[in-house]
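All of the numbers you see were taken from the coordinates with simple rules; none came from a lab. Being a predicted model, the structure only gives us computed values, none of them experimental. All Cβ positions, glycine included, derive from the backbone under ideal geometry; neighbour counts span all protein chains shown.
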Amino acid sequence: MKKIKPQLSKILKKGKAIYLVYDHGLEHGPSDFNDKNVDPLYIIDIAKKGGYTGLVFHKGIAEKYNKEIKQSKVPLIVKLNGKTNLVKGEPISRQLCSVDEALKLGAVAVGYTIYIGSEHESVMFREFEKIQKESHKKGIPVILWAYPRGKSIKGKSKKDLMAYAARTALEIGADIVKIQYHGSQNDLKWAVKSAGKTKVVIAGGIKKDEKILLKQVKEIMDAGCTGLAIGRNVWQNKKPLEITKKIKKIIWKKLK
């Protein structure tokens, strides 16, 4: 089958991105939720009204809320692997959904996590290799969640690990890499440079003060990132559409 260039334009707007991520129910359990945001319909509504460039779900929500997702017209990104936080030890996240399943659900891109540094990283690398190959044959972009984890990373610098995560994505063929920002803009600039032509988006992380969040968004964009993949800092906010608007102004340079 002839390889088709991944259609990144479907999940970017003028080269930038803001993805609303909602994989927390599997990854963290229901502890992140309240009576409102436990409902996927609430998340879909935020994504629609907020004008997000992508909405990230695992396959179960993508399947059961498929009609509402399609009606929202927000591009669907299906996360292909996942794990709970109940099992301790060296982390591993195995594939739960195929590229074909994601496409049938209407996905325009897929995502996959690799815990680099885990003793199980080779298993995740092998799965990613097949996913990347299949996705690119069908013109589907692949987003890599690249998170350093495991006993082997102890003592290593945050700068080196952040750049290593970004570089890993480039080396194994990811179109976009999602990494965690540890707070040094200079270190992030090096990570972005290390990613080469792979685009970098930053994980929103745990809920934080709005001023700190917006300051970090500005640092992230000034460092050369493509945008954010954000969850709790939006749908845990009492006014999710207002914080969305402020973040988008920074991403698309409308805020001086």
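So the values come out like this:
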read-out	value
Dipole-positive endmost among 131, 161, 11 within the chain (Cβ charges, Cα centre)	11
Rounded, prolate or oblate (a/c below 1.5 giving rounded, otherwise prolate when a/b exceeds b/c) for segment 1-118 by Cα gyration tensor	oblate
Top of 43, 202, 212 by mean-square fluctuation, Gaussian network on the chain, Cα under 10 Å	212
Student exercise, the chain dipole from Lys, Arg, Asp, Glu Cβ charges, in Debye to nearest 20	1080 debye
Cross-link pairs 133/159; 10/133; 88/239; 207/245; 5/199; 193/239 - those with Cα-Cα distance over 25 Å	133/159; 88/239; 193/239
Segment 88-142: relative contact order in percent, alpha carbon pairs under 8 Å with at least 6 residues between	43 percent
For q = 0.09, 0.17, 0.21, 0.22 Å⁻¹, Debye-computed log10 I/I(0) when each Cα of segment 66-215 counts as one equal scatterer	-0.30, -1.05, -1.37, -1.42
Prolate/oblate/rounded call for segment 5-57, Cα gyration tensor, a/c under 1.5 rounded	prolate
Directionally averaged shadow of the chain, computed from the convex hull of its alpha-carbon atoms, nm²	13.0 nm²
Furthest towards positive pole of dipole, 145, 93, 58, structure part segment 22-172, Cβ charges	145
Contact order normalised by residue count of segment 8-251, Cα under 8 Å, 6+ apart, percent	18 percent
Contour excess over end-to-end distance, with Cα ends at residue 138 and residue 103 and 0.36 nm allotted per residue	11.7 nm
Nearby aspartates and glutamates by direct alpha-carbon distance to residue 16 (threshold 14 angstrom, same-chain neighbours under 8 apart not counted)	175, 222
